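A.B. asks: Below you will find the structure I want to go over with you.
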Amino acid sequence: MGKQPPREPKLFYYDVCLEGRVPQEHLLRKIQAVVDFDFTYGLVQDRYGVNGNVSVPPPTLMRMMLVLFLYDVRSERELMESIPYRMDWLWFLGYDLDSEIPDHSILSKARSRWGVEVFETLFARVVAQCVAAGLVNGRKIHVDGSLVDAHASNNSVLKGSEGLIDQLKEQLRSETAKLEELPSEPQPHSAPPLPRKGTKKYYQPKNRGMVSTTDPDATIVSKGPHGPRARYKNHRVVDDRCGVITAVKTTSGDVEENAKLMELVDQHEANTQCQTETVVADKQYGTVENFRACWQRGLRSHMADLLVAQMKKPQCQGIFGIDQFVYDPKTDTYRCPAGQTLTRRKHKKQRQAYEYACAGSVCWACSIRSQCTRAKGKVARTIKRHYDQEAIDLARQQSHSPAARRDRQRRKWLMEGSFGDAATRHGFKHARWRRLWRQQIQDFLIATVQNIRTLVRSLGKRLRGACSEAQSEAILAAEGLVVSLLFWSGVFGRCCTPVGRSRHGIRP
């Protein structure tokens, strides 16, 4: 029976080699094989001076930020403290056992110096690699948004009149700019514009009279059991084939999800170089504006119809729907279920619609008025007809098709699974930093990490129908030795760390 001898520190370790200590199937080895970080040299070259101290290499800084989110390390300070005793991290960052680890402040300085552009380029490059590997179809996309808690307490929220709060926000931004080094091209604040004169109450955001003095870019939004608090909103597009994230947009929390649909479609097409054919989303996107835009661009709208959801509310039960009113294009009138004629009486330019109604006294005397409206007094039932109503109706018919219902069922686990994976493994639901442009960087990094894991997991697999034979041969030739090393039974299902997920471990 052997006994542990007393520990005696050694001056030299001749047999220790990081290359041999990192397993061949380790996740970081696969990332090193498929992602080239040297592109950062060309992007940030003009953002460094010629005098002073030599900086940490930009590729190393980018790898550090990826490790920060890949392993969901709580802070940059903890990341730097953990690097010396993580041999896999040392190997991935290009350090040795006796290398000096830089201070954690270099990461915040690098983000301020680089700006959002560098991280957006990294995200787009990884998406392009997923396209080349046959993981992206591009023709069918799923769109959704999710709230992210800002790095600010409710104790920092001030209330006041809208004019006073707008002035306070501008003052806070100017004071914050003096305390920190902003990126070369600061991101504009996405605060909602001031309401126009005569705008009705439902057009005005409810949180215009509140601001967080800690993070003025975040807006106060109430959702879930935690009540109102400062939040951002992440909008993203997920491709239908393998769940690759192809577009990301970050806004303040009060921006409606449906308002960013076409911007996300444009970003998806720019990143994938593929023409979108079908858009899948929940009922929040099923608005008149989105149906009209999808039809004008030739997109199949497999979005849930918001109008149908509204008609299912208790206050609308037993009321005639708009489909019970027949439109006559020759006379530009509607005929109600009672046989009365509704003529055009108002033009709602802001909502791009016309309003039709009959005389109030006629509607009041109708025998089936209780089935048509619950309005009190001699108020007539009104019908709105939007611009391009025929196109909107055709797009709505697409959303009610069996194929659309199947796509929305698939969206439940594909889209929500993407957000759930980001929240569980990469700290998606809480902002690490303050200000909108920093939150944009966080969202790009998290989406990049998720796409890299998808790319690595499917490396060497031949997706049926994913690409042509010429593309397959080009991919296999480029991967070369990497495929031969990694392509054996069970390697893609194993964990790079012990079973489960530890404080610094993550499954590939």
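A.B. asks: For VAL131, state whether it is part of a helix (DSSP H, G or I) and either loosely packed, with under 15 Cβ neighbours inside 10 Å or in the same structural domain as LYS233 (by TED's automatic domain parsing) (or both).
C.D. replies: So VAL131 passes the test.
A.B. asks: Restricting to region 238-265, what's the tally of residues that are part of a helix (DSSP H, G or I) and touching a residue at least 12 places away in the same chain (Cβ under 8 Å)?
C.D. replies: 8
A.B. asks: I'm trying to understand the selection: among the residues of region 363-372, which are over 12 Å from PRO337 (Cα atoms) and assigned to a loop (DSSP other than H, G, I, E, B)?
C.D. replies: ALA365 - this is the single residue of region 363-372 that is over 12 Å from PRO337 (Cα atoms) and assigned to a loop (DSSP other than H, G, I, E, B).
A.B. asks: Out of all the residues in region 174-192, is one or more modelled with pLDDT of 75 or more, of a type outside the set (Lys, Arg) and touching an Asp or Glu at 6+ places or on another chain (Cβ under 9 Å)?
C.D. replies: Looking through region 174-192, none of the residues is modelled with pLDDT of 75 or more, of a type outside the set (Lys, Arg) and touching an Asp or Glu at 6+ places or on another chain (Cβ under 9 Å).
A.B. asks: So, LEU93, is that one farther than 25 Å from LEU436 by Cα and either without any contact (Cβ under 8 Å) to a residue 40 or more places away in the chain or touching a helix residue (DSSP H, G or I) at 6+ places or on another chain (Cβ under 6 Å) (or both) or not?
C.D. replies: Yes: the conditions hold for LEU93.
A.B. asks: Of everything in region 35-76 that's in a loop (DSSP other than H, G, I, E, B) and of a type in the set (A, V, I, L, M, F, W, C), which residue is nearest to TYR95 (Cα to Cα)?
C.D. replies: Result: VAL56.
A.B. asks: May I ask you to list the residues in region 8-34 that are within 13 Å of LEU93 (Cα to Cα) and either outside any helix (DSSP H, G or I) or not acidic (Asp, Glu) (or both)?
C.D. replies: LEU18, VAL22, LEU28, ARG29, ILE31, GLN32, listed by residue number.
A.B. asks: Does region 398-411 contain at least one residue that is surrounded by 15 or more Cβ atoms within 10 Å (Cβ to Cβ), out of contact with any His (no Cβ under 8 Å at 6 or more places or on another chain) and either under 30 Å from ALA110 (Cα atoms) or aliphatic (A, V, I, L, M) (or both)?
C.D. replies: Checking region 398-411: not a single residue is surrounded by 15 or more Cβ atoms within 10 Å (Cβ to Cβ), out of contact with any His (no Cβ under 8 Å at 6 or more places or on another chain) and either under 30 Å from ALA110 (Cα atoms) or aliphatic (A, V, I, L, M) (or both).
A.B. asks: When the residues of region 266-315 are narrowed to those that are in a strand (DSSP E or B) and of a type in the set (S, T, N, Q), which ends up nearest to VAL126 (Cα to Cα)?
C.D. replies: The residue in question is THR278.
A.B. asks: Still on this structure, please answer the following. Could you tell me whether LEU394 is at pLDDT 90 or above and either part of a strand (DSSP E or B) or in contact with a Gly (Cβ under 9 Å, 6 or more places away or on another chain) (or both)?
C.D. replies: Against the criterion (at pLDDT 90 or above and either part of a strand (DSSP E or B) or in contact with a Gly (Cβ under 9 Å, 6 or more places away or on another chain) (or both)), LEU394 does not qualify.
A.B. asks: Can you pull out the residues in region 8-26 that are exposed (fewer than 11 other Cβ atoms within 10 Å of the Cβ) and more than 41 Å from the chain's Cα centre (by Cα)?
C.D. replies: GLU8, PRO9, LYS10, LEU11, PHE12, TYR13, TYR14, ASP15
A.B. asks: Restricting to region 141-157, count the residues that are touching a residue at least 24 places away in the same chain (Cβ under 8 Å) and more than 17 Å from the chain's Cα centre (by Cα).
C.D. replies: Narrowing region 141-157 to residues touching a residue at least 24 places away in the same chain (Cβ under 8 Å): 141-154, 156-157.
Filter once more, keeping what is more than 17 Å from the chain's Cα centre (by Cα): 151-154, 156-157.
Number of matching residues: 6.
A.B. asks: Condition check: free of Cβ contacts under 8 Å to residues at least 60 places away in the same chain, surrounded by fewer than 21 Cβ atoms within 10 Å (Cβ to Cβ) and assigned by TED's automatic domain parsing to the domain that holds SER212. Does THR424 satisfy that? Full working, then the answer.
C.D. replies: Working: free of Cβ contacts under 8 Å to residues at least 60 places away in the same chain: yes; surrounded by fewer than 21 Cβ atoms within 10 Å (Cβ to Cβ): yes; assigned by TED's automatic domain parsing to the domain that holds SER212: yes.
Spelling it out, THR424 is indeed free of Cβ contacts under 8 Å to residues at least 60 places away in the same chain, surrounded by fewer than 21 Cβ atoms within 10 Å (Cβ to Cβ) and assigned by TED's automatic domain parsing to the domain that holds SER212.
The values are calculated or read from the model by the stated rules, or taken from the named source; none is laboratory data. Because the structure is a prediction, the values reported are computed rather than measured. With ideal geometry, Cβ positions are generated from the backbone for all residues, glycine too; neighbour counts draw on all protein chains shown.
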